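Notes to accompany the following structure.
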Amino acid sequence: AAENSFNFKGLDFLNAAQLEELRDSPGLFEWPDSITAETRAELVRKNLAFVQAGGDLWDLIDFGATAPDPHTLRVKLNSPLPFLPEITKHYTWYPVPRHAVLKHGKIGDRFTDWTKPDNLVCNGAFILKSWKFNDHIEVARNPLYWDKQNVGLNGIRYLPIGNLYTEDRMYYDGQMHVTYTIAPELIEYSREKYPEHVRNELYLGTYFIRTNVNHEPFTDQRVRLAFSLTLDQKSLIDNVLKGGQKPAGGLVPPFGEYPASDAVAFDPERARALLAEAGYPGGKGLPDIEFLTTDKETSKAVAEALQAMWKEHLGASVKIKQLEWTSYITAMFDKDYDLAAGGWIGDYMDPLTFLDMWMKDAGNNRTGWHSEKFQEILAEAAETGDPAERYAVLARAEALFLEERPILPVYWYVRNYLLHPDVKGWDPLILDNHPYKFLRLEPGSGNRLQGR
C-alpha cells in the first residue's frame, strides 16, 4: 500500500472471460454495486467516505478504483486508511459481475430478476440453489470456484426463524447444526445438559439507548447523564439477559490495542444530584417519557428492567412502547421517540465503525445530536497515519461523545448460541463473519441429542 492508495493482488485465478470484463470496466463499475443514486445506501456512504470519487460519491463511474493490469485492483484514498483491508471484508464491498446485473435491469434497481437462482452469477465457494421467501435459502458448492477442492460442504440451508423457542426445538430435534441465539432463560439449562453444544463468544457490538436531544427533558446533558448513571448494568445482565454480556464502559467495545473507556458507571447518587440540578428534584416536573423498543420478548424484558431502574433511582415514570420492526425503524428515522433501544455491531475491526455514525448527517445517528468539535477530532484522526497516535485521537472523540451522552451505553454484546460438535472449522470470530468455505461435517464426533 502506498500512503494514499492500496493495491490488491492475486487475481491469477480469473478465467479469460472474467479478465476481459475487468479490462472493460472503467472505474471498476462492479465494485461495489451498491453505490448508486437509486439505492443511496447509507451504510455504503459511511464506509466509502475515505475513497476518492468524482464530484458526487454516488457517481459510480468516477469511483476511485482502477485495474492497472488484469491481476491488480488499485484503490485511491483521500487520506491514510490502514484498515482498508478490514473494510473490504464487509458485504457492501463484495463484487458482482456487471453483465449479469445489466442483463436483467440496471444497477440500483431493487426489483429485478438478477438475484434469482437461475440468473445470479457467483464468484464464491457456493452458488444459490433455491430461495423461498420466509422459508429457506439454500446454496450448493460452486463447481467453478477457483479453490473448489478445499470447500468442505456440499451445500448449506439457511432457515429464517423468528421465534427463539422454535429455533431451540428445531436444533434439539436434529433439524439444525447451528442456531442464531438462545433464549435467555434457556442458557443455563443448555449449559448444564449439553455443555459441548453451547457457545459464548465476544461480539463486536454495543447495546445502548438513544436519547432524542430535541425532546424535553433530554435536551439537557445533565438529564441524559442522570438516566445513564441509573442503569444497573450488572443487575440487568445477571437477572434478565443471563448471557455473560459485559457492562459497557463506553461506546467502543474492547478489542486490539484500542484503550477501552470506563466513563460509564452506575452511580445513582450522582444521578439524582444531576437531575435536581437540571430542575427535576426527585423526578418532580419531568414530562411524560416514552421508551421505544421492538416487539420481541427479550426487548420487553430489558425495557421493563430499565423502566424499573429509572423509577427507583430517579422517580421517573417511563412508558414502554413496543413496535414491530418496520414501524420501529420508521419512528427512529423520524425521531418520533424520547428514548429508544438501539445497538451497533461493528462493520470492521476499527473504533471508527462505532464513532463516525454520530456525525451530523450520518444516517444512523437518529438522535438529533451533533458536535463540531467531535467532527474536528474525527477529521484529525483521518489524517493521522501512526496507528497508536490515531487510536489516541479516536479515544478523545469517544470521551467527548460520552461526556455529551446522546446515547446511554448499556452492555457490550456476546453471542450465545448452539453449535453441534459435528461442525468443524467454526472458530470464534468477534465479527461473527464465518467463512463457510472452511467448514466440515464429521458425524459422530459430538454428544447425541435427546431433545428437551
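As a proxy for reagent exposure, 252, 151 were ordered by neighbouring Cβ count within 10 angstrom, fewest first; the result is 151, 252. A DSSP coil position with no more than 12 other Cβ atoms inside 10 Å describes the following GluC sites (Glu not before Pro) in region 162-228: 196. For region 192-276, the direction-averaged projected area of the alpha-carbon convex hull comes to 7.7 nm².
Straight-distance candidates among the aspartates and glutamates for linking to residue 148, with alpha-carbon spacing under 20 Å and chain neighbours fewer than 8 residues away dropped: 12, 138, 442. Here the gap between residue 100 and residue 433, fully extended at 0.36 nm per residue and compared with their Cα-Cα distance, gives a gain of 117.3 nm.
Cα centroids of region 144-209 and region 296-361: 25 Å apart.
The calculated FRET efficiency for residue 78 paired with residue 396, based on their beta-carbon distance and R0 = 25 Å, is about 0.70. List, in the order given, every pair from 132/437; 242/300; 76/106; 76/103; 89/132; 193/242 whose Cα-Cα distance in the structure shown is over 19 Å. Beyond 19 Å: 132/437; 76/106; 76/103; 89/132.
About its Cα centre, region 156-217 has a charge dipole of approximately 180 debye under the convention of +1 per Lys or Arg Cβ and -1 per Asp or Glu Cβ, with nothing else charged.
Viscosity 1.306 mPa s, temperature 10 °C: Stokes-Einstein D of region 202-414 from its Kirkwood Cα radius, in µm² per second? Rounded to a whole number, D works out at 91 µm²/s. FRET efficiency for the residue 234 to residue 372 pair, using the beta carbon distance and R₀ = 30 Å, is estimated at 0.25.
Counting neighbouring beta carbons within 10 Å and listing from fewest to most, the residues 109, 350 come out as 109, 350. Based on the Kirkwood approach, the hydrodynamic radius assigned to region 294-452 is 19.5 Å, with every pair of different Cα atoms included.
Read-outs throughout are calculated quantities, based only on the coordinates presented, and are distinct from any laboratory measurement. Quick caveat: nothing in here was measured; it's all calculated off a predicted structure. Quick reminder, even Gly has a Cβ in these numbers, built from the backbone with ideal geometry, and neighbours come from all protein chains shown.
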